[in-house]
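Working notes for the structure below.
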Amino acid sequence: MQPAHTRRGYGMTLSACLWLGLFPLLQGGTYTHITLDKWHIILYLSAFTLLCLLFDTVYFLILRKKHPSSPSGKHHLLAPLLIASALMGWTALSCFRSEYTSATWWLGEATRYEGLATQLCYFGLFVCFLFARVNRKPVVFCASAGVIAYLVIVLMQRAGGNPFGLYPAEKSYELIPDFQGTIGNIDMVTGYLLLMAGFLLYSFLDGLFTLQPSRSSRRSARLRPKGEKHFILALFSLLGFIAAVYLIITMDVQFGAITLAVLVLFTLLRFLPRKARLPLLIFLIVIALLVVWFWPGHNGGLWELHEVFHGRARLSFGSNRVAVWYYSILMAREHLLFGTGSGTYRACFNNFLPEHDYVIPTEQDGVPLPAYFDTPHSEYVSQLTDHGIPALLLFAALLLFAVFRRREGWFPCLTPWSAPVLCYAVQAVFSFSVCLVAPMFWVILGLSFADPSTSET
C-alpha cells in the first residue's frame, strides 16, 4: 500500500482524465457555434475541477491526521506560481488600462472568447493542477482513447459521413475539409494533436525506459529492469501516438510537421551520449540551412523560406502571416508596455491598417489568401499586442521554465508532462490561443510543475 504522502488525488486525476480525454470530443452538434459551445463546456469543467481540488484537499487533510509523521510531499512550486501570477496580474492590468470598454475585453466575443474572463479561467486551471497530485496512468489511457476516438470520427467524415451532425446542412468534408473532428478548424485540431503526441510519446518511453537526468557523460535513457516495465501503458500510449501522428500528417498543416520534427529530434538526442548531442544538433542545423539555401523547391513553406534567405521575402508568405506579424508589431509599438487588452485585437488591428494606409495581400501567385484577421496567428505576437512586452516575457519564461526545469546541462530532459509543453511552445509561433485547445495546455503546464518526478536532479 502506498504511503500517505505519495498517494495521488482521486478528484484531480478524474479531472485530468476529463480534460485530456473527454473535453476534445465534447461539442454542441454543429460547427456553426462550436467555439461558443466549447467555451461553455470550459466553464462547467473548470467549476468541476475546483470541486475536485477541494475534495482532494479534504482527503489529504484526513490522511495527514491519520499519519501525522508522514512528510507532506510538497515540492518547490513558488517560482512557477509567481511567474503565472505576474502574467495574470499584468493581463488584468492591461485590460483595466485599455482604451476599450469591458464589453470588448471581458468576454472577447469578437475574438473567439479569449477575453479576461477566459484568461482567468486558464490561470485557475493552472493553479489547480499546479497543486494537484495526479495519477498519470489513467490519464494516459483516457488521452489515448480520446485521440483514437477522434481518429474514428475524422475517418467517418472523410468517408462521407457526418457524425454528430457537425457539418451544417448541405456541407461535408469534401466541401469544407478545413474542418474535421469535434474541434473543427484543422489548425486548432493540429494543436490538440501535438499536445497529445508529446504526452503519449513520452508516456510510451517512460513505460519502457528510465528517463532520469544523469551527471555522467553517458546517455540518460536506459531500459527499465524487467519487473519495472509497464507494457500495457506503453502499448496504449503507442497506439494513441500513432493515431495522433497520422492525423497530423494527413491534415497537412505545416506547423504540425515542424513541431513533430522538433519533438522527434529532441527525443533522438536523448538516447545519445551527452557529448554527442550538441555537435549533432549543430550539424543537423547546418545541413537544414544548406538545403534551404540551395534547394529552391516549387511552393510551400520550404520554398518561401528559400526566398526569404535570398532576400525575396513577401508579405503574403505563410498565408499572410508575415504581413500580419509585421503590421502587428508596428501596431504594438504604440502600446509596448500594456498592450490594448484581451480580446481587443480585431477592433484595434483593423482600425490600425487603414489609418496608416497598410494593405494585406489578397493573393499570392494567383492563389487567394485571407485578408481579414481577428488574431495575429502567433500566440507570442498576440501577447505582445494584447498585453505588452512584460506579458510576452513572462509567458515565454513560464514555457522555458517548464521545458528546461529538468535538464542535463543545456539539454532539456523531457517528461510526459513537459514534452507537450515543448510542442505547444513551437506551434504557438504559428498558431494562437483559443478555448478549443488552450485549456488542455494550461492543465498540462500546471502538471509539468506538479509532478515530483519532473524535478531537476
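Across the stretch 284-301, what is the total count of residues that are over 19 Å from Gly366 (Cα atoms) and in a helix (DSSP H, G or I)?
So the answer is 11.
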- Task: Identify, by number, the condition in (1) over 28 Å from Ser418 (Cβ atoms); (2) more than 23 Å from the chain's Cα centre (by Cα); (3) surrounded by fewer than 18 Cβ atoms within 10 Å (Cβ to Cβ) that Tyr59 doesn't meet.
- Result: (1)
- Going through the stretch 200-232 one residue at a time, which ones are open to solvent by less than 10 Å² (accessible area, probe 1.4 Å) and at pLDDT 90 or above? Leu200, Tyr202, Ser203
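Yes/no matrix, rows are residues, columns are (1) within 19 Å of Gly21 (Cα to Cα); (2) among the aliphatic types (A, V, I, L, M):
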residue	(1), (2)
Leu81	no, yes
Ala84	no, yes
Met88	no, yes
Thr101	no, no
Glu114	no, no
Arg136	yes, no
Val154	yes, yes
Gln157	no, no
Phe164	yes, no
- Message: Tally up the residues in the stretch 438-457 that are open to solvent by 10 Å² or more (accessible area, probe 1.4 Å) and modelled with pLDDT of 95 or more, please.
- Response: 1
- Item | Number of positions in the stretch 373-415 that are modelled with pLDDT of 95 or more, open to solvent by 10 Å² or more (accessible area, probe 1.4 Å) and part of a loop (DSSP other than H, G, I, E, B) | 0
- Counted residues, the stretch 159-187 - those being over 17 Å from Thr250 (Cβ atoms) and in a helix (DSSP H, G or I): 3
- Name every residue in the stretch 144-171 that is crowded, with 16+ Cβ neighbours inside 10 Å and in contact with a Pro (Cβ under 9 Å, 6 or more places away or on another chain), in order of residue number. Gly146, Val147, Ala149, Tyr150, Ile153, Gln157
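Residue by residue, here is whether (1) within 20 Å of Met440 (Cβ to Cβ); (2) at pLDDT below 95; (3) touching a strand residue (DSSP E or B) at 6+ places or on another chain (Cβ under 9 Å); (4) of a type in the set (Asp, Glu) holds:
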| position | (1), (2), (3), (4) |
| --- | --- |
| Thr6 | no, yes, no, no |
| Gly9 | yes, yes, no, no |
| Thr13 | yes, no, no, no |
| Tyr31 | yes, no, yes, no |
| Tyr44 | yes, no, no, no |
| Phe48 | yes, no, no, no |
| Ile62 | no, yes, no, no |
| Lys66 | no, yes, no, no |
| His76 | no, yes, no, no |
- From the list Gly409, Gly366, which residue is of a type in the set (Gly, Ala, Ser) and without any contact (Cβ under 8 Å) to a residue 24 or more places away in the chain? Gly366
- Message: Just checking, does the stretch 33-47 include any residue being at negative phi, open to solvent by 50 Å² or more (accessible area, probe 1.4 Å) and acidic (Asp, Glu)?
- Response: no
- Identify all residues within the stretch 89-133 that are open to solvent by 20 Å² or more (accessible area, probe 1.4 Å), within 19 Å of the chain's Cα centre (by Cα) and of a type in the set (A, V, I, L, M); write none if there are none. Leu120, Val127
- Any hit, the stretch 319-327, residues being touching a strand residue (DSSP E or B) at 6+ places or on another chain (Cβ under 9 Å) and without any contact (Cβ under 8 Å) to a residue 60 or more places away in the chain: yes
- Item | Qualifying residues in the stretch 322-362 (those that are over 16 Å from Leu116 (Cβ atoms) and aromatic (Phe, Trp, Tyr)) - the one most open to solvent (accessible area, probe 1.4 Å) | Tyr326
- Per-region count, the stretch 177-198, residues in contact with a Pro (Cβ under 9 Å, 6 or more places away or on another chain) and open to solvent by 10 Å² or more (accessible area, probe 1.4 Å): 1
- Provide a single number: the residues in the stretch 302-315 that are open to solvent by 70 Å² or more (accessible area, probe 1.4 Å), under 17 Å from Gly366 (Cα atoms) and not in a loop (DSSP other than H, G, I, E, B). 0
- Task: Consider only pairs whose beta carbons are under 8 Å apart and that are at least six residues apart or on different chains; among these, list those whose first residue lies in the stretch 44-71 and is aliphatic (A, V, I, L, M) and whose second residue is part of a loop (DSSP other than H, G, I, E, B) and modelled with pLDDT under 85.
- Result: Leu63/Arg7; Leu63/Ser70
- Note on the structure: The condition of being assigned to a helix (DSSP H, G or I) and under 21 Å from Val429 (Cβ atoms) holds, among Ala261, Ala243, Ala234, only for Ala261
- Message: So, Ser433, is that one in contact with a helix residue (DSSP H, G or I) (Cβ under 6 Å, 6 or more places away or on another chain), touching a residue at least 40 places away in the same chain (Cβ under 8 Å) and open to solvent by 10 Å² or more (accessible area, probe 1.4 Å) or not?
- Response: yes
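The values are calculated or read from the model by the stated rules, or taken from the named source; none is laboratory data. Note that the structure is a prediction, hence the values are computed from the model and not measured. Heads up, the Cβs are rebuilt from the backbone with ideal geometry, glycines too, and the neighbour counts pull from every protein chain shown. We work out accessible area using only protein heavy atoms, side chains counted, and drop any ligands, DNA or RNA first. Shrake-Rupley method; radii C 1.70, N 1.55, O 1.52, S 1.80 Å.
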